[in-house]
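So the structure is just underneath, and the comments pick up after that.
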Amino acid sequence: PDLHVVWQDNRDGVAANNNEVDNYEVYYKRSLDSGRSWSLRPVTRNITQGNKRLTQNISFSYLPAVAAAGSVVHVVWSDARENNFEIYYKRSPDGGLHWEPDRRLTNTPAPSTLPSVSVQGSGVHVVWQENLSGNREIFYKRSLDAGITWGEDIRLTNHPSFSTAPSIATLDRGVHVVWSDYRDGNQEIYY
């Protein structure tokens with residue numbers, strides 16, 4: 001099976017204002033032979049060679065997640081290019097060879113971070129956490145046409161305690177979300 005990997009990397013320079021903080025960008029690599037070789041074409045075993053840089057801006061692009069269905073690969077990440085962390089999305093219609101332009105999925109005054117993505121057929125499902133007035137809540141958004149158009153944001157949690165670090169999975173027609181929550185005075189996993 002094909003394997004797809006994304007990560008954040010600060011190899012390419014410094015962030016805005018030339019301060020001393022490295023600028024993180026999102027990178028991608030694939031394996032077409034169950035992990036025996038890694039690159040955009042199966043020519044090397046070295047996972048650090050033949051990488052594809054997916055983001056190119058002067059602010060942080062980090063915490064990426066990837067999911068694929070058939071030949072369509074979907075990537076989400078948190079990005080600060082608009083002076084606030086928002087969730088961005090990019091897709092490849094041909095198994096990771098070519099990538100469409102970045103698309104901003106969120107537009108809120110609160111930082112949107114820690115995205116997770118799952119795909120089944122043409123359904124693409126994304127969850128993330130929003131920092132609302134000092135409290136963190138879990139939000140959800142979906143596309144039913146393989147990432148071409150997107151529905152509205154849906155708030156999944158509403159509690160005065162932190163709800164953080166969501167993860168999403170799809171099976172058959174079900175969408176399943178888990179997250180870390182402090183509502184019982186101790187950090188627990190909720191579903």
Enumeration of residues in the range 130-163 that are open to solvent by less than 20 Å² (accessible area, probe 1.4 Å), of a type outside the set (D, E, K, R) and in a strand (DSSP E or B): 138, 143, 163
Using beta carbons and a limit of 6 Å, which pairs, at least six apart or on different chains, have the first residue in the range 108-129 and within 19 Å of residue 60 (Cβ to Cβ) and among the aromatic types (Phe, Trp, Tyr) and the second one assigned to a strand (DSSP E or B) and open to solvent by less than 20 Å² (accessible area, probe 1.4 Å)? 128/87; 128/112; 128/115
Let me confirm something: among 93, 42, 64, which residue is modelled with pLDDT of 95 or more, in contact with a strand residue (DSSP E or B) (Cβ under 9 Å, 6 or more places away or on another chain) and surrounded by fewer than 21 Cβ atoms within 10 Å (Cβ to Cβ)? 93
Select from the range 164-191 the residues that are open to solvent by less than 70 Å² (accessible area, probe 1.4 Å) and hydroxyl-bearing (Ser, Thr, Tyr) and write down the one among them that is farthest from residue 102 (Cα to Cα). 190
Residue check: is residue 109 at pLDDT 90 or above, in contact with a Phe, Trp or Tyr (Cβ under 7 Å, 6 or more places away or on another chain) and open to solvent by 20 Å² or more (accessible area, probe 1.4 Å)? no
Answer yes or no: is there a residue in the range 172-188 that is among the basic types (Lys, Arg), under 15 Å from the mean Cα position of the chain (by Cα) and either closer than 24 Å to residue 61 by Cα or in a loop (DSSP other than H, G, I, E, B) (or both). no
Would you mention how many residues in the range 67-79 are outside any strand (DSSP E or B) and buried (at least 20 other Cβ atoms within 10 Å of the Cβ)? 0
Open to solvent by 20 Å² or more (accessible area, probe 1.4 Å), modelled with pLDDT of 95 or more, within 17 Å of the chain's Cα centre (by Cα) and over 18 Å from residue 6 (Cα atoms): does that describe residue 119? no
Run down 127, 117 and say which single residue is out of contact with any helix residue (DSSP H, G or I) (no Cβ under 6 Å at 6 or more places or on another chain), assigned to a strand (DSSP E or B) and over 22 Å from residue 29 (Cα atoms). 127
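The values are calculated or read from the model by the stated rules, or taken from the named source; none is laboratory data. Since the model is a prediction, treat every value here as computed from it, not as a measurement. Positions of Cβ are backbone-derived with ideal geometry, glycine not excepted, and every protein chain shown enters the neighbour counts. Heavy atoms of the whole protein, side chains included, go into the accessibility calculation; ligands, DNA and RNA do not. Shrake-Rupley method; radii C 1.70, N 1.55, O 1.52, S 1.80 Å.
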